[in-house]
Amino acid sequence: MAYADQQMSGNKIIAIIVVALIHVALGYVLITGLAYSAAKKLVERVTTVDIEEPPPPEEEPPPPPPDEVRPPPPVAPPPPINISVAPPPIQTVTTPPPPAPVIARPAPAAPPPPPPAPSQARGAQPDGQARWQQRIMDNYPRRAVNDEIEGRVGVRVQISADGRVSSCSVSSSSGSSILDEAACADLTRFGRFKPALNDDGDPTTGSWATTIVYQLGR
C-alpha cells in the first residue's frame, strides 16, 4: 500500500515539472516575439501525461438490522352515526295585503259654453204698405173696370236682400186672369219691403204673402 502511494506521488511530481516547463517555454516564446506557429508546434510536441488514480475500494453495505417487531398501527374508532331525522323546514309565506283601491277622481267638468247671442232673424216686412197698396188700386185694370169685374187675388212674393220683389206667384186665383195678372204685375212694380234678416242681423232673401182685393167703387 505504501509503495503505491510513493509511485503515485512521483508521477504527480513529474507531471507538475512537465507542466511548469511548458509554461516557462510559452512565456519565453511570447516574450521573445517568436511566431505563433512555432509556439503551436511546440505545444503539439508536448506529450500529455494522463495519470489515472485508481478508484477507491468499494465499501461493503452495512448488515441489515435484525427484524424488529413493530406494534400494529392504531385503529381510530368509527365516527358516531347520527340516526336522528331532521324535521322538514317550515316555510312561512307572508301574503302581502291587497293594494288599496285607487279611486279615480272625476275630471273637473268643462265650463258650459257661453250662451249664444240672441238671434236677430226676422221675415220680410212691408215698407209703406198703405201708400203702394193705394197705387195698386189706382191702377185697376181698365178691361176689368169696363166689364165690372171684381175679385180677391192671393199672391206670394219673394223679396230680395234690397227689399224689392224678385218674383211673384198667385196662390189663390180670383177667377179672372185679368185681375190675377194685374195683381202680380202691380205688386212687383210698386211693392217695397224691409228685407229679411238672418241670425246675425244681416239682410237676406225672404218671402211674403197677401191678398189683393179688387173692388169697384159704387
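Overview of values
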{"quantity": "Within region 121-134, tally of residues that are open to solvent by less than 60 Å² (accessible area, probe 1.4 Å), at pLDDT 90 or above and not in a helix (DSSP H, G or I)", "calculated": "4"}
{"quantity": "Only one of T210, T188 that is open to solvent by 20 Å² or more (accessible area, probe 1.4 Å), hydroxyl-bearing (S, T, Y) and in a strand (DSSP E or B)", "calculated": "T210"}
{"quantity": "Residue pairs meeting the criteria (Cβ under 6 Å; at least 6 apart or on separate chains; first in contact (Cβ under 8 Å) with a residue 12 or more places away in the chain, in region 109-137; second of a type in the set (V, I, T) and surrounded by 10 or more Cβ atoms within 10 Å (Cβ to Cβ))", "calculated": "A124/I159"}
{"quantity": "Every pair of residues 6+ apart whose Cβ atoms lie under 9 Å, when the first sits in region 159-172 and is closer than 11 Å to G191 by Cα and assigned to a loop (DSSP other than H, G, I, E, B) while the second is of a type outside the set (V, I, T) and open to solvent by 60 Å² or more (accessible area, probe 1.4 Å)", "calculated": "G163/D127; G163/R192; G163/K194; G163/P203; R164/R192"}
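Yes or no, residue by residue, for (1) of a type outside the set (G, A, S); (2) open to solvent by 60 Å² or more (accessible area, probe 1.4 Å); (3) farther than 30 Å from Q215 by Cβ; (4) at pLDDT below 95:
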position: I83; (1), (2), (3), (4): yes, yes, yes, yes
position: I90; (1), (2), (3), (4): yes, yes, yes, yes
position: T94; (1), (2), (3), (4): yes, yes, yes, yes
position: P101; (1), (2), (3), (4): yes, yes, yes, yes
position: A110; (1), (2), (3), (4): no, yes, yes, yes
position: P114; (1), (2), (3), (4): yes, yes, yes, yes
position: S119; (1), (2), (3), (4): no, yes, yes, yes
position: I136; (1), (2), (3), (4): yes, no, no, yes
position: A196; (1), (2), (3), (4): no, no, yes, yes
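The values are calculated or read from the model by the stated rules, or taken from the named source; none is laboratory data. As the structure is a prediction and not an experimental result, all values here were calculated from the model. Counting neighbours? That spans all protein chains shown, and the Cβs are built from the backbone with ideal geometry, glycine included. Surface areas here come from the heavy atoms of the whole protein model, side chains and all, with no ligands, DNA or RNA. Shrake-Rupley method; radii C 1.70, N 1.55, O 1.52, S 1.80 Å.
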